[in-house]
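Scroll down for the structure; my scribbles are underneath it.
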Ligand code: SF4
């Protein structure tokens, strides 16, 4: 269960000419049902990835069934991980998808070990487990069953409406172990959504997913993330978003501004220069020193969001979710309640925009640490 064992970026001498050099590669295929995507099916040596003890991440274990993500968010922090596979972090990240085909078998073996302590496992920490590939490979039902049957609590964060397929299974699992579910959404303007999240289901479809989850009796938090300075941080935009999230029955909400790590920064800034050149100086200033916005911006955003949370009743959600949402902006501490998850739910991992504890450290002036560097390896 060493996290290094998950790395797929080592040369495999048996790889065929013209094929990517990925350890454990079984075959690379394109199928008519998924135009534009190439699936690289691999045998992975392990399923559970241990988050290093010194990491700021609020979860000890992760599972990532896929590498690359067809949701294709321009701002995705995981883009650079594809370079380790000899792919580029742009179009290849969106279309060259590595699939751990033996994931469930390996996971079952790892969960059966006497040494397994049934600590929380987070899914959706690097790439989306309910991206399009899941429609073909159907790995998640086996993962959910294996975790629940072994008594292991888990959480899933996704933008993929394919999770609907597994709601009955998740309801069963929640009878066995604590289950945390989160849906990520941030952009409510259709044109902006199409430009920046071309492979992601529409915000309306994701709101419907939130409603379906809560109708099934499961808690569902929403990550209003990433908030894009100058693009989605207007009061009207935030008001519309929080109103829709509240109406969908979300049991918590977290509001988190964009962070731009290397890998995502290049692609996002290229898009910004083309689509909104007037905002380029502002972004260069905001992200001049670090991947995260300065504390001043977070405070400003917190003050803007707080009355909207009250307006939409999100400050009265169970578990202090609204308090958590504002704290997440103000302090960068996405722990259990702090990230806005309902009482009794578990800390959940994150994709774009979710800030780990180390950000708080750097806000306070200590040496900047970027724990995403660690997580990207998982
Ligand atoms: S931000 Fe999430 S959903 Fe979007 S491409 Fe990255 S992993 Fe996929």
**OP:** Please identify which residues in segment 156-194 have an amide N closer than 12 Å to a label point set 7 Å out from the Cα of residue 208, following the Cα→Cβ vector.
**Re:** 161-162, 164
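Please find the FRET efficiency linking residue 299 to residue 191, where r is the Cβ-Cβ separation and R0 is fixed at 30 Å, and quote it to the nearest 0.05. Please list the in-between numbers first.
Details: r = 30 Å, r/R0 = 0.99.
About 0.50, to the nearest 0.05.
Going by how many other beta carbons lie within 10 Å of each one, how would you line up 115, 150, fewest first?
The most exposed by this proxy come first: 115, 150.
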Subject >> P(r), alpha carbons of segment 147-207 - 10 Å bins starting at zero, rounded % >> reply: 21, 42, 23, 13, 1
**OP:** Report, largest value first, the span of the C-alpha coordinates of segment 95-241 along each principal axis, in whole Å.
**Re:** 53, 35, 24
Original post:
Counting other C-beta atoms within 10 Å, which of 100, 159, 138 has the fewest, and how do the rest follow?
Top reply: 138, 100, 159
Subject >> Neighbour-count order for 299, 254, 158, 214, fewest beta carbons within 10 angstrom listed first >> reply: 299, 214, 158, 254
Original post:
segment 172-309: D in µm²/s via Stokes-Einstein (Kirkwood Rh, Cα pairs, 25 °C, 0.890 mPa s)?
Top reply: 152 µm²/s
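Throughout, read-outs are computed from the coordinates displayed, never taken from laboratory work. In this text the structure is predicted, and so the values were computed from the model without any measurement. So basically every Cβ, Gly included, is an ideal-geometry build from the backbone, and we count neighbours across all protein chains shown.
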